[in-house]
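The values are calculated or read from the model by the stated rules, or taken from the named source; none is laboratory data. Note that this is a predicted model, so its numbers are computed, not measured. Positions of Cβ are generated from backbone atoms using ideal geometry, with glycine treated the same way; all protein chains shown enter the neighbour counts.
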Amino acid sequence: MHILHIVGARPNFMKAAPVLQALSVHPQVRQTLVHTGQHYDSAMSDVFFQQLGMPEPDCNLGVGSGSHAQQTAAIMQAFEPVLLERRPDWVLVYGDVNSTVAAALVCSKLGVPLAHVEAGLRSRDRTMPEEVNRLLTDQLSDLLFTPSADGDENLIREGIEPSKIHRVGNVMIDSLVRLLPAADRCFPGDIPLPYALVTLHRPSNVDDLPWLQELLTTLAALSTQLSIVFPVHPRTRQRLQQLALADIANSHLRLLDPLPYLEFIALQRRAAVVITDSGGIQEETTFLGVPCLTVRENTERPITVTLGTNQLVGRDLRKLFSAVQNVVNGGSSRAATNPCCVPLWDGHAAERIAQIIVRRSAR
Ligand code: UD1
C-alpha cells in the first residue's frame with residue numbers, strides 16, 4: 001500500500017510528522033513525502049523537518065511565493081506529473097493552506113483517493129483564503145479526519161457522506177505532546193519573565209497597513225507593563241518595512257526572526273499571555289492552559305473558546321489592552337484549562353488515522 005503525503009507550509013509539518021510516524025509501523029505501508037516548496041526559507045521549513053524528526057522529502061516541487069492563483073496553479077502543474085508517475089493508493093493533505101487545496105484538485109481530476117487531515121473546520125468567513133481552501137478540500141476528499149465534534153457537524157451540514165467522516169482528534173497536539181519535554185530544554189535564555197508572546201501574519205491584520213500600525217502602537221504601549229516577544233513571520237516582516245516604527249524602537253517590544261518549533265513551544269508554554277491570529281496557536285495554548293487573545297473576529301476553532309483559554313478580541317484594541325492588563329494584574333490565571341480537556345486531543349490522533357487507512361485498504 002502506497003501513501004503520498006503533501007506538505008508545503010510551516011503549519012503542515014507538525015501535523016504530517018505524527019501521521020508519517022504512525023504509518024511507518026505498518027509494514028505493508030510505503031510512504032512518499034512531497035514538499036511543494038510553498039515555504040522555502042530554512043527558518044520556515046528545514047528546521048521544522050529536523051526538530052520533528054521528519055524524513056527528507058522524496059520530492060520538492062519548489063514553487064515558492066506568488067499570488068494565490070499563481071501559487072495554486074504552480075503547485076497543480078508541478079504535482080500532476082509526480083502523481084501520474086508515483087500512482088499512490090492514497091494522498092494525504094493537511095490543514096488549509098494553498099498546497100492542500102492545489103493537491104486536492106489534482107487528485108480529484110486524476111481519480112486518486114484523497115484524505116484530509118484537519119477536516120471540517122469553518123470560520124464562516126470566506127474572505128479568508130484558508131476558508132475557501134477548507135471548503136473545497138473537504139468537498140473533494142474521500143476520507144475526512146476531524147479534530148473535534150464541530151468539524152463533523154459542519155461537514156454533515158455541507159452534505160458530506162457521514163461514512164467518510166472520522167473524528168480522530170488533533171494531530172498537531174500529537175507533536176506537542178511528544179516534543180514538550182524537548183521543548184522545555186530549548187527555552188531561549190535571554191527572555192525575561194514574565195512576557196507576552198505575539199504572532200501576527202493573517203492578511204486581514206498585516207496587509208491593512210493603517211490597522212497594523214495601530215496594532216503595533218498598542219503593543220508598544222502594552223510593553224511598558226509586560227515585555228513582549230514577537231517572532232515575525234516573513235509576510236509580516238515585509239509589511240513592517242513599510243511602517244513608521246519609531247514607537248517600537250523606544251518600547252519593550254522585541255521583534256525576533258521566526259523561531260524553530262521547539263523554541264516556539266517553549267516560549268508559548270511559559271508565556272503569561274499569547275496574542276495571535278494563528279489557528280494552530282489557539283489550539284496549542286488551549287492544550288497548554290495559557291491565556292490566548294486572538295486578534296480576529298472569528299475562529300474556525302470554536303472549541304478553543306468554549307473549552308479552552310481562547311478569547312476573540314477582534315479589532316477592539318481597548319479589549320486587547322484591558323485583557324492584557326488583566327493578566328498583568330493577575331486576574332487571568334494560567335492553567336484555566338487542563339491538558340487533554342478537549343476529547344481526543346491526547347497525543348494519539350495520528351495512530352487512529354493510520355489504523356483507519358490501513359483497515360480500509362485491507363478490505
Ligand atoms: C501561509 C498559509 C496560512 C498559514 C501560514 C503559516 C495559505 C493561503 N496561507 O500563509 O494559512 O497560516 O502560511 O505560515 O496557504 N515567505 C518567505 N519565506 C517563506 C515563506 C513565505 O519569505 O519561506 C514570504 C513570501 O514573500 C510570501 C509571503 O511570505 O509572499 C507569504 O507566504 P505564503 O505562503 O504565500 O502565505 P503565508 O502568509 O505564509
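Any chance segment 73-94 includes a residue that's closer than 21 Å to Thr304 by Cα and either of a type in the set (A, V, I, L, M) or not assigned by TED's automatic domain parsing to the domain that holds Gln355 (or both)?
no
Is it the case that some residue within segment 14-35 is buried (at least 16 other Cβ atoms within 10 Å of the Cβ), of a type outside the set (Ser, Thr, Tyr), without any contact (Cβ under 8 Å) to a residue 60 or more places away in the chain and within 10 Å of the ligand (Cβ to nearest atom)?
The answer is no, given that none of the residues of segment 14-35 is buried (at least 16 other Cβ atoms within 10 Å of the Cβ), of a type outside the set (Ser, Thr, Tyr), without any contact (Cβ under 8 Å) to a residue 60 or more places away in the chain and within 10 Å of the ligand (Cβ to nearest atom).
Any chance segment 82-90 includes a residue that's surrounded by fewer than 21 Cβ atoms within 10 Å (Cβ to Cβ) and either farther than 28 Å from Lys109 by Cβ or in contact with a Phe, Trp or Tyr (Cβ under 8 Å, 6 or more places away or on another chain) (or both)?
Checking segment 82-90: not a single residue is surrounded by fewer than 21 Cβ atoms within 10 Å (Cβ to Cβ) and either farther than 28 Å from Lys109 by Cβ or in contact with a Phe, Trp or Tyr (Cβ under 8 Å, 6 or more places away or on another chain) (or both).
For segment 122-147, how many residues meet the condition of being in contact with a strand residue (DSSP E or B) (Cβ under 8 Å, 6 or more places away or on another chain) and within 13 Å of the ligand (Cβ to nearest atom)?
1
So which pairs qualify, if the first residue must be in segment 233-260 and more than 26 Å from Pro192 (Cβ to Cβ) and touching a residue at least 24 places away in the same chain (Cβ under 8 Å), the second must be within 12 Å of the ligand (Cβ to nearest atom) and in a loop (DSSP other than H, G, I, E, B), the Cβ gap must be under 6 Å, and the two must be at least 6 apart or on different chains?
Listed pairs, sorted by first residue: Arg235/His201.
I'm told Ala272 meets every condition in (1) within 16 Å of the ligand (Cβ to nearest atom); (2) in contact (Cβ under 8 Å) with a residue 60 or more places away in the chain except one. Can you identify the failing condition by its number?
(1)
Mind listing just one residue for me: the one in segment 200-253 that is acidic (Asp, Glu) and either crowded, with 16+ Cβ neighbours inside 10 Å or part of a helix (DSSP H, G or I) (or both) and, of those, nearest to the ligand (Cβ to nearest atom)?
If we take residues in segment 200-253 being acidic (Asp, Glu) and either crowded, with 16+ Cβ neighbours inside 10 Å or part of a helix (DSSP H, G or I) (or both), then Glu214 is nearest to the ligand (Cβ to nearest atom).
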